[in-house]
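The values are calculated or read from the model by the stated rules, or taken from the named source; none is laboratory data. Since we're looking at a predicted model, the values are computed, not measured. FYI the Cβ positions are ideal-geometry reconstructions off the backbone, even for glycines, and counts take in every protein chain you see. The area values use the complete protein model at the heavy-atom level, side chains included, leaving out ligands, DNA and RNA. Shrake-Rupley method; radii C 1.70, N 1.55, O 1.52, S 1.80 Å.
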Amino acid sequence: MFKRSRNDAGVMMTELLAPAGSVEALRCAINAGCDAVYIGGKMFGARAYADNPDSEELLGAIDHCHIFGKKIYLTVNTLLKNEELTNNLFNFLKPCYEEGLDGVIVSDIGVMKAISLWFPGLPIHVSTQASITSAEGAIAISKLIKGITRVVPSRELSLCEIQRLKNESGLETEVFVHGALCYSYSGQCLFSSFAGGRSGNRGRCAQPCRLKYDTGDRSSYILSCKDLCMLNNIGMLCRAGVDSFKIEGRMKSPVYVASTVSVYRKYIDLFTEYGDDYEEYLEKHNNETENDISLLKEIYNRGGFSDGFLKSHNSSSMIYDIKPSHTGVLVGSVRKVSGREAEIIFTQSVNGGDVLEIRDDSGNSVYEFTIGKVTASELNIKALYKILVSKGSKAAVGMSVYRTRNELVIEKITDQYINTNIKRTVNLKFVSKAGSPMILTASCGETGVSVNGQIPEPAQSAEADALNIAKHLKKSGDNPFVSNNPEVSTEKGLFIRVSDINNMRRDIYSLLYDAIIDKEKRICPSEMIIKYCGAPDDNTKHYTSVLVGNKEQFTAVATGTTVKRIYLPFNDIRHIIE
């Protein structure tokens, strides 16, 4: 079971779990500072329309996470058909299990049972789609299925209910802290299935809750929920013992993933650092927190944010019925109109490349445009900007202007987390002595390796210099490791070729890579493969299950030697068995 670690001050550290709808998003999440990612494959994931990796890419994603010391969980959270369970699931999961997958997120109890039997030691996380709403439900399912280590409770639970579930079940809890909210109870929505034949429980939700409906007096997006944002509740959730903070968004862009992960990483780290003084820190830095929430709104929000059901049982403030997609942020208003020309006054600074939208009082888009190249001083607060709206569009004085794309923010996130390759820091130690092969050792976390080099020659003129050796050991190249302060010990009077140092560095990093990957791998027990493939068992007895509708049928089958189970209609039970 994954155990929450503590920092040097003894404060519990909560896992930050990021969405990865693609391999690129996974890499960006790691660059931005997540502790773990959850990702779907080409089958059985509740986001069938995400850019899910194929089998080979999925195995590479597992290795990439482990190289950087991160965990990776696979979503297997759709409801399966019988033939999928018996024909596809085992073959889909076996390579991932053997590669070292850290856990599976599952909603179907039959899938949980199969995984428990086929893949021993693989942690099972009960998906929010399974609708676990109480401590009793969590306890019951954990007794029923061996291998369950974590529950993702229904999103409708309050803080007290989450804390009780955690304390009484003894299971880890994984709680959504940011992203889209469903209008329905978690895992119980059949709207998409009934309305268009695309089942949300099969990963194909058409999101009918984001459509406009006629409510009699007007049409509105009456079922569209605001997005969740728990940034102001991080301390409260940490103290409640939540083990993992989950960001929703496997359908979102790498920019969204990187930005949300980086912001939540910052506040989890602040709580870890300040502990009991965390709220005092936030109070002193209130403007900083407001700016971070504004950043999240720039990336994606639906009419602002909500803290869901954490503190309230129900609230109309969770709904934004004007616009079901990204609202953006208010940056100005129309000050003057002359024909097709509209003059805008800004209440926030805007940048060249920003996408802006003029909206009427009902929130409908009147005109969308992109700011061209401008000098920074032109578009500060109170700056004026003139545009020509398209024919047929009618801007009016007082209309609001929203920014739906902040080019400066996106460029910054892209440079910092997307167009970059982070390295994992390792410890290198180099030793050279006369008459003995040079030794280079590397350690990363709990993994260590070493290589032997050539025997150094006596120096004829210039002898080996520790600083020069360290300079070459600091080089990294294309591999994912770097050593910022290698430890070098070398005797005087030796000559060491630079090429020998470079070869040892390349060899040690290659060995370290393989050692980290191999440490996480498993072998699927052969008896599990035999069981899955259906090897005959001479002791197996076959039974029949029968549904009866009246007393005569019940009497006829109740004494049958091959009938093991009898199904009775609930409303007629007394009439049948009395």
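Listing for the model above:
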{"read-out": "Tally, over the stretch 202-219, of residues that are touching a Leu at 6+ places or on another chain (Cβ under 7 Å) and open to solvent by 70 Å² or more (accessible area, probe 1.4 Å)", "value": "0"}
{"read-out": "Single condition Asp321 does not satisfy, out of (1) buried (at least 18 other Cβ atoms within 10 Å of the Cβ); (2) at pLDDT 95 or above; (3) closer than 30 Å to Asp360 by Cβ", "value": "(2)"}
{"read-out": "Any hit, the stretch 518-539, residues being modelled with pLDDT of 65 or more, basic (Lys, Arg) and in a loop (DSSP other than H, G, I, E, B)", "value": "yes"}
{"read-out": "Failed item, numbered, when Leu223 is tested on (1) over 28 Å from Ile124 (Cβ atoms); (2) among the aliphatic types (A, V, I, L, M); (3) out of contact with any Phe, Trp or Tyr (no Cβ under 7 Å at 6 or more places or on another chain)", "value": "(3)"}
{"read-out": "Residue among Ala114, Ala61 that is over 30 Å from Ile234 (Cβ atoms), in contact (Cβ under 8 Å) with a residue 24 or more places away in the chain and among the small types (Gly, Ala, Ser)", "value": "Ala114"}
{"read-out": "Unique residue being within 23 Å of Leu296 (Cα to Cα), among the aromatic types (Phe, Trp, Tyr), at pLDDT 95 or above and crowded, with 23+ Cβ neighbours inside 10 Å when the list is Phe245, Phe176", "value": "Phe245"}
{"read-out": "Whichever residue in the stretch 220-231 is touching an Asp or Glu at 6+ places or on another chain (Cβ under 9 Å) and part of a strand (DSSP E or B) and, among such residues, is surrounded by the fewest Cβ atoms within 10 Å (Cβ to Cβ)", "value": "Ser220"}
{"read-out": "Which numbered condition Lys475 misses (of (1) closer than 27 Å to His66 by Cα; (2) surrounded by 14 or more Cβ atoms within 10 Å (Cβ to Cβ); (3) free of Cβ contacts under 8 Å to residues at least 60 places away in the same chain)", "value": "(2)"}
{"read-out": "Selection count, the stretch 295-342, where residues are aliphatic (A, V, I, L, M) and assigned to a loop (DSSP other than H, G, I, E, B)", "value": "2"}
{"read-out": "Filtered residues of the stretch 388-441 (kept if within 30 Å of Lys336 (Cβ to Cβ), part of a loop (DSSP other than H, G, I, E, B) and open to solvent by 60 Å² or more (accessible area, probe 1.4 Å))", "value": "Lys391, Gly392, Lys394, Val397"}
{"read-out": "Flag for Ser154 being open to solvent by less than 40 Å² (accessible area, probe 1.4 Å) and part of a loop (DSSP other than H, G, I, E, B)", "value": "yes"}
